[in-house]
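Structure, as structure tokens:
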Amino acid sequence: MSFIVVIPARYQSTRLPGKPLLDIAGKPMLHHVVERASQSAADAVYVATDDERIQRSCEALGDRVIMTSAEHQSGTDRIEEVARKLGLGDDAIVVNVQGDEPMIPPEVINQVAADLASHPDAQICTLYEEIDHDADVLNPNIVKVVADAYGCALYFSRAPIPFPRGNATQTNLKGYKRHIGIYAYRVKVLHDFVNWPRCDLESTEQLEQLRALYNGSRIRIRKACAAIPAGVDTPEDLDKVRKLLGAA
């Protein structure tokens, strides 16, 4: 199995300005992500950014970094540019790891790459975790996913899917899946993706993976083989991760 990891990184963040470079246990958060990804079976790990501050930080720490356009609307666009610059073939596999997940387990990176490699009929692979709390089923900030009998995604939504007809607030909601935003792509679908216009489903739900489903891509969805700690979105998240990694 051969694959690379690309970590898109933007400097700006509404709630945490300069988030990729915030210090955690003496190192920038982004470098923790690179270290975790480097523990996977990836052939190489690249940071993709449009910010010179991130570029300088990566180079100082010996991390591979590729400068990309400042016009990109999403991390997927940025990853596609990296694939082009590296001259990757259509069947090459690229894993997208979020730059704000400094505790991501390397084994889940291997998992998505291996699953995609073993299913040539699929273009994308991603992961889910089972939802344990009823409130999470109803939380629009937690993306739910439903799959078919063959392990491919049918739909992603911020709403409860499947919808519990008759009582949307019933207790003991079981069998719901929380989507986890790690993806393995075949390079061909990345090239296609950036040329597809946004569809109404994507605009309504604000979920870009719906663009791929809308255009007929098969997205493998597997249960994560290891627990994936939450990423860093808020100052509270940052404090928690600092305590965990500072004590490691």
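The values are calculated or read from the model by the stated rules, or taken from the named source; none is laboratory data. As the structure is a prediction and not an experimental result, all values here were calculated from the model. Note: ideal-geometry Cβ built from the backbone for every residue, glycine included; neighbour counts use all protein chains shown.
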(request) Using the structure shown, decide if L127 is buried (at least 22 other Cβ atoms within 10 Å of the Cβ), in contact with a helix residue (DSSP H, G or I) (Cβ under 7 Å, 6 or more places away or on another chain) and either of a type in the set (A, V, I, L, M, F, W, C) or farther than 18 Å from H32 by Cβ (or both). (result) yes
(request) Kindly indicate whether S2 is surrounded by fewer than 19 Cβ atoms within 10 Å (Cβ to Cβ), in a loop (DSSP other than H, G, I, E, B) and either without any contact (Cβ under 8 Å) to a residue 60 or more places away in the chain or not aliphatic (A, V, I, L, M) (or both). (result) yes
(request) Report yes if some residue within segment 102-120 is crowded, with 23+ Cβ neighbours inside 10 Å, assigned to a strand (DSSP E or B), touching a residue at least 24 places away in the same chain (Cβ under 8 Å) and touching a helix residue (DSSP H, G or I) at 6+ places or on another chain (Cβ under 9 Å); otherwise report no. (result) no
(request) From the list V232, V241, pick out the single residue that is among the β-branched types (V, I, T) and touching an Asp or Glu at 6+ places or on another chain (Cβ under 6 Å). (result) V232
(message) Checking the conditions here, which among Y150, Y176 is farther than 30 Å from L22 by Cβ and surrounded by fewer than 20 Cβ atoms within 10 Å (Cβ to Cβ)?
(response) Y150
(request) Would you be able to tell me the number of residues in segment 69-85 that are touching a strand residue (DSSP E or B) at 6+ places or on another chain (Cβ under 8 Å) and without any contact (Cβ under 8 Å) to a residue 40 or more places away in the chain? (result) 2
(request) Answer yes if at least one residue in segment 61-83 is small (G, A, S), out of contact with any Ser or Thr (no Cβ under 7 Å at 6 or more places or on another chain) and farther than 25 Å from N195 by Cβ, and no otherwise. (result) yes
(message) Can you tell me how many residues within segment 132-161 are touching a helix residue (DSSP H, G or I) at 6+ places or on another chain (Cβ under 6 Å), at pLDDT below 95 and under 24 Å from I104 (Cα atoms)?
(response) 1
(request) Would you mention how many residues in segment 208-248 are of a type in the set (A, V, I, L, M), crowded, with 20+ Cβ neighbours inside 10 Å and within 19 Å of C125 (Cβ to Cβ)? (result) 5
